[in-house]
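We did not get these values from a lab; they are worked out from the coordinates using the rules stated. Quick caveat: nothing in here was measured; it's all calculated off a predicted structure. Because the Cβ atoms are built from the backbone with ideal geometry, glycine has one as well, and the counts that use them run over all protein chains shown.
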Amino acid sequence: MRSLNFLSLIIFLCLACANNTGEQNVNTKTTTTKKKTETAPSASSESTAKTKYILFFGDSITAGYGLDEKDALTTLIQNRIQEMSLDYKVINAGLSGETTAGGARRIDWVLKQKVDLFVLELGGNDMLRGLDVNATEENLRTILNKVRTKNPKIPIIIAGMMAPPNMGKTYEQKFNNIFADLAKEFDAGFIPFVLEGVAGNPKLNLPDGIHPNVEGEKIVADNIWKVLKDFL
């Protein structure tokens with residue numbers, strides 16, 4: 001959390017660049033990931049039928065903004081799963097610049113595919129834009145309700161985000177509490193701060209100061225894996 005002081009100095013200067021260039025990058029990564037899922041070889045039709053799908057639904061952090069696909073978060077998670085010889089496929093449904101409102105509009109389309117485990121990583125762009133905290137919470141709740149409506153027993157993991165101090169103490173506290181509160185409400189796994197150990201460290205971020213570089217992405221994957229592995 002100490003690193004958030006540095007992050008607060010650069011976060012607004014970099015937002016426009018990330019939003020303007022991210023969407024094309026992410027759409028390519030998402031399409032490529034789906035192609036790999038659809039064409040992945042299997043030992044038998046029975047094995048294919050048993051394959052479970054983990055959907056990462058988020059923004060540029062999920063998408064692997066600015067990184068080669070091999071270095072992106074979902075690829076790193078997929079590699080760990082394969083090392084354990086588990087029959088799971090990771091779907092990258094990340095979209096750079098995505099807000100919780102955009103996610104709430106997009107979720108119905110994304111849920112048309114088979115999903116056995118849902119990882120929600122949204123809210124950072126709401127915070128960067130100073131959007132109303134209550135609206136952010138309600139948008140996230142809408143997404144989670146739609147996931148549970150489709151499959152009441154589906155495991156969910158919520159990746160938390162934290163607001164920097166320059167947002168003001170009231171906003172900071174309300175925003176930071178959203179994710180833990182929703183995790184309790186939906187009986188979901190919880191990652192307190194998905195960028196823990198990365199945020200604000202120039203050595204672990206791209207030149208924009210916001211998005212993890214190759215080494216930073218490994219730490220983000222570690223943060224998620226600590227919770228995700230217990231659901232596999």
- Can you run down the residue pairs with Cβ atoms below 6 Å, 6 or more apart or on separate chains, where the first is in the range 175-188 and of a type outside the set (V, I, T) and the partner is assigned to a helix (DSSP H, G or I)? F175/M127; F175/V133; L182/L140; F186/L144
- Query: Restricting the search to the range 155-185, which residues are of a type in the set (A, V, I, L, M) and more than 17 Å from the chain's Cα centre (by Cα)?
  - Reply: M167
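For the range 149-188, which residues satisfy the criterion of being over 27 Å from D108 (Cβ atoms) and in a loop (DSSP other than H, G, I, E, B)? Don't jump to the end; show me each part of the working.
Residues of the range 149-188 that are over 27 Å from D108 (Cβ atoms), as a first pass: 162-174, 176-177.
M162, A163, P164, G168 - these are the residues of the range 149-188 that are over 27 Å from D108 (Cβ atoms) and in a loop (DSSP other than H, G, I, E, B).
Please find, within the range 97-148, the residue that is surrounded by the fewest Cβ atoms within 10 Å (Cβ to Cβ) out of those that are among the polar types (S, T, N, Q) and assigned to a helix (DSSP H, G or I).
Looking at residues that are among the polar types (S, T, N, Q) and assigned to a helix (DSSP H, G or I), I get N134.
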- Message: Within the range 58-90, take every residue that is in contact (Cβ under 8 Å) with a residue 60 or more places away in the chain and part of a strand (DSSP E or B) and give me the one that is nearest to A159 (Cα to Cα).
- Response: G58
